[in-house]
Amino acid sequence: MTTLITGGAKCGKSRLAEKLLDNCRGRKLYIATMKPFGEEAFAAIERHRKIRAGKGFETIEKYTGLDEIQISGKSHILLECIANLCANEMFENEKICDPTEHIIRGIEHLRKRAETIVIVTNNVGSDGVDYGSETNKYIEVMGRVNALITGISDNVAECVYGVPVVLKGRLEI
Amino acid sequence: MIMITGGAYQGKTQYAENRFGLTDDDITDGNTCDISDVANARCIRHYELLVKRLIMQGTDPLEFTKNLDMPIVIMNEIGSGIIPLDKSEREWREISGRAGCIIADKAIEVVRVCCGIATVIKGETL
């Protein structure tokens, strides 16, 4: 079962995603894509850690290349989040690249090893601001990646200030 | 409490006026109102901008929001873009998100307005 949770910043996406895995038994993996650089990233990571505490997740930090993650057996996976992964892959080298295919391949790699996978992404294209070519490209790639993940997901929901709005399939909460 | 949310200029205030028979005098504006008067209002719009003003005057917006008791709260969705470069803008966006979650949690009904069309996303369908 693959579920995608999207929404704006700080609108309860993680909390919802974790809730979806509450009733899953077996190995639970949390794949974190946010690089722990800078004070604000630390604060965000610490906050997410507190929310997850006691829920039995093993954490794997992987900032790029999801297809390199080795997992034996089937797990319940929470992948968070595509916006960071996409930025990390796109701007990793001096010359920006289009990581769309690589990201989708990585997700497919995880899906094969997951009984349940909940993927958290972000809506980044709705503020109407022109940020210049590189960031505009990022917004474009994010839009495409999100649409492709939707295509392979059983369920998709957008989180609006903590309220899930189901766009595809259904959520079992 | 009823929450009305959605992007900018989607018809949120119009919806509140039509549904609840409000006039402009009934609706206080989070951007310009006297903060001490907020408690007496029937409806507030631009709650996200009230959050910004609360941060600036050193009041904890989350505590303020937890204690808020108002029939109708109109609040823009502001988080669906690129992370702002400016630290105070980032802080505002983050705290607004959390404040919005508190309001939505307290609300018996959450309505989202898009292109003038209202969808009830929490609570009873109209």
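The values are calculated or read from the model by the stated rules, or taken from the named source; none is laboratory data. Since this is a predicted model, take the numbers as computed values, not measurements. FYI the Cβ positions are ideal-geometry reconstructions off the backbone, even for glycines, and counts take in every protein chain you see. The area values use the complete protein model at the heavy-atom level, side chains included, leaving out ligands, DNA and RNA. Shrake-Rupley method; radii C 1.70, N 1.55, O 1.52, S 1.80 Å.
Shielding by partners for peptide B:82-91, expressed as the average number of C-beta atoms from other protein chains within 10 Å of each residue's C-beta, is 3.
Kirkwood-type hydrodynamic radius, segment B:2-122: 14.4 Å, calculated from all non-identical alpha-carbon pairs. Our analysis of segment B:57-122 gives Rg over Rh at 1.00, with the two radii drawn from alpha carbon positions and Rh computed by the Kirkwood formula. Backbone N atoms of segment A:72-112 closer than 17 Å to the 7 Å Cα→Cβ label point of A:T150 belong to residues A:82-83, A:104.
Remark: relative contact order (segment A:1-69) = 36 percent; criterion is Cα-Cα distance under 8 angstrom and separation of 6 or more residues.
Note that the protein assembly as shown carries a Kirkwood radius of 20.2 Å, evaluated over its alpha carbons pair by pair. Kirkwood hydrodynamic radius computed over segment A:2-167 comes to 16.2 Å, based on all pairs of distinct alpha carbons. Straight-distance candidates among the lysines for linking to A:K137, with alpha-carbon spacing under 27 Å and chain neighbours fewer than 8 residues away dropped: A:K10, A:K13, A:K35, A:K62, A:K95, A:K168, B:K87. Shielding by partners for peptide A:154-166, expressed as the average number of C-beta atoms from other protein chains within 10 Å of each residue's C-beta, is 5. The antiparallel fraction among DSSP beta bridges confined to chain B stands at about 25%. Applying 1/(1 + (r/R0)^6) with R0 = 22 Å to the Cβ-Cβ distance of A:N23 and A:K168 gives a FRET efficiency near 0.60.
Using a simple spin-label model with pseudo-atoms 7 Å out from Cα toward Cβ, B:T59 and A:S126 lie 2.8 nm apart. For the protein assembly as shown, the share of accessible area belonging to carbon and sulfur comes to 50 percent (1.4 Å probe, ligands and nucleic acids excluded). Among the trypsin sites (Lys or Arg not before Pro) within segment A:115-173, those in coil by DSSP and having at most 13 neighbouring Cβ atoms inside 10 Å are A:R170. Here segment A:102-173 is treated as a sphere whose radius is the Kirkwood value from Cα pairs; by Stokes-Einstein at 4 °C and 1.567 mPa s it diffuses with a coefficient of 93 µm²/s. Evaluating 6.51 cos²θ - 1.76 cosθ + 1.60 at θ = phi - 60° for every residue in segment A:142-159, the Karplus couplings come out as 4, x, 6, 4, 4, 5, 5, 5, 4, x, 9, 8, 7, 10, 9, 9, 9, 9 Hz, glycine and proline recorded as x.
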